[in-house]
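A short reminder: the numbers here are calculations on the coordinates, not readings from a lab. What you see is a predicted model; the values in this text were computed from it and never measured. Positions of Cβ are generated from backbone atoms using ideal geometry, with glycine treated the same way; all protein chains shown enter the neighbour counts.
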Amino acid sequence: MKKSNKRVFAAMFLLHFFLPLGAQHRVWTMDDCMRYAVEHNFDVQAGEIEYSNLRSDYKSSIASFFPTFNASVGADYNFGRSIDPATNTYDNLKTFNNSYGVSSSWTLFSGGRIINSFREARMRMRQQMHNLQNIKDETALAVMEAYVNLQYYRALSKITAAKLDESRRLLEKSLRMKELGLNSALEVSQARAQYADDDHVHTVTTGEMQTAMLSLKNAMNYPLSDTLVLPEPVAVAPTSALSGGIGEVDTILDFASRNNPVMLQAQFNVDASRYAVRQARGAFIPTISLQAGLSDYYYRHFGSRNENFREQMNGNFGQYVGVSMSIPLFNGLSRNNTLKRARNAESSARSDYQRALYELDIQIRQAVADYDNLVKECGKMEKKTESDSVAYHLAGRKYEEGLMSFTDMQQAYNTWYESQAELVRVSLMLEVKRRLLEYYRTNMLILG
């Protein structure tokens, strides 16, 4: 029994300490960061509130098709000279009046304003829905850019750290070679200068990495004091694996023009503006309404004989049904100005749609061109980095054998590390362009 209790205690101990530790060291992928940002972004929350408001407007426009119902109850006490509700003459009696009523009104025809108001509200709601999706996509794209920027500086920091270690090794070797008479004071000073420069570059890169981490947390709306652990920068994939699966420009543009949130938002804005014009035109057409109602009342004269409540309610009960027509004649050019503004808004919406389509075309063509160039550049940088690595190691052997000056060896040394840094940059930019093209091609940005 005691051994069993000890095992339970040990299990609770492990759950209490090691599970939170694992949770604190969660590794955040790019998609995890984008998903978190979308869920916690302030602009997204504001967009969701606006969408909820427009959804309420849409429901109100549906209710406009139905008749309205109202009920009323009134009570008043008159004293002094007042009208007798029974004889409709003046008297000086104290009177208590109690009235009841139910009324209904239904607009039968309004020149299409009700149906077009409903259609406009529906378009505005859909427009905001795609505007909300666009806000989410822009938030995710900003996080992706910040994420890649941080990964670049993380990889670059490792490269500069390795370069600094190599500079330290070369400085120590130069000092030993000088003690053996195989090196001059000039080469030692050059080695010291190279070490100081590499130390400075590594310090600057480390600072840039910390700044990039803050930028990523800010883009995610992530608590700045909490730890954010990212996976190691992904190694460069083979060029052949990255270059396949991307459609032609026209195919991508055709899909994006019909499904991209920006284009859908612009299209629904055009539709909503068209229905607003129809509403404005409807203001020039007469409105026909149907009214119906029930009424009843009870009165009492103080100081005189009165019929009881039931008798009065049966005798005073009334009902009515009517049809009315409202003909607009003149209201100070208000309807004319409203119609003119609605037409201008429709023209502006159509212009915005064409501008959005043109900008989308430019963005897709630029993304395709950048992707194709980066694929070629990445392949060439892989070969160049490999060649520079071979050249550097050969230069190191020649320098140790006294067949190459420190300056020439240093040049090969710097070229190799610069090639590594450029390869990291190109490969990360290639991943960004690939994700961007997949977004235009499939309308999906966050995977998994």
### Summary
Taking alpha-carbon centroids only, the stretch 144-213 lies from the stretch 285-359 a number of Å equal to 80
### Task
Could you sort out which of Lys163/Lys384; Lys380/Lys433; Lys217/Lys376 sit more than 23 Å apart by Cα distance in this structure?
Lys217/Lys376
### Query
What chymotrypsin sites (Phe, Trp or Tyr not before Pro) in the stretch 267-298 are in a loop by DSSP, with at most 12 other Cβ atoms within 10 Å of the Cβ?
Phe284
### Summary
Here, Asn306 and Arg350, labelled 7 Å along Cα→Cβ, have an inter-label distance in nm of 6.8
### Query
Using the Cβ atoms and a cut-off under 14 Å, what net charge is assigned to the surroundings of Asp352, where Lys and Arg are +1 and Asp and Glu are -1?
0
### Query
Roughly what angle does helix 185-220 make with the longest principal axis of the chain, taking Cα atoms, 0 to 90 degrees, to the nearest 10?
20
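When the dipole is taken about the Cα centre of the chain, and only Lys, Arg (+1) and Asp, Glu (-1) are charged at their Cβ, what size is it in debye, to the nearest 20?
1480
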### Query
Using DSSP loop states and a limit of at most 12 other Cβ atoms within 10 Å to flag GluC sites (Glu not before Pro), what is the longest stretch of the chain containing no flagged site?
1-247
### Message
I want the antiparallel fraction of DSSP beta bridges within the chain, as a percent rounded to 5.
### Response
95
### Message
Cut-off under 18 Å on the C-alpha distance; same-chain residues fewer than 8 positions from Lys383 excluded. Which aspartates and glutamates are left, in chain and number order?
### Response
Asp372, Glu418, Glu422
#### Entry: In degrees, nearest ten, helix 42-63 long axis to first principal axis of the chain (Cα)
30
### Task
Return the long-range amide H neighbours of Leu230 (sequence gap of 5 or more, or a different chain), with a cut-off of under 5 Å between placed amide H atoms.
Trp28
### Task
Could you name the aspartates and glutamates whose alpha carbon sits less than 18 Å from that of Lys398, not counting residues in the same chain fewer than 8 places away?
Glu166, Glu172, Glu187, Asp388, Asp408
### Query
Using r as the Cβ-Cβ distance of Phe65 and Ile362, and R0 as 51 Å, what FRET efficiency do you calculate, to the nearest 0.05?
0.70
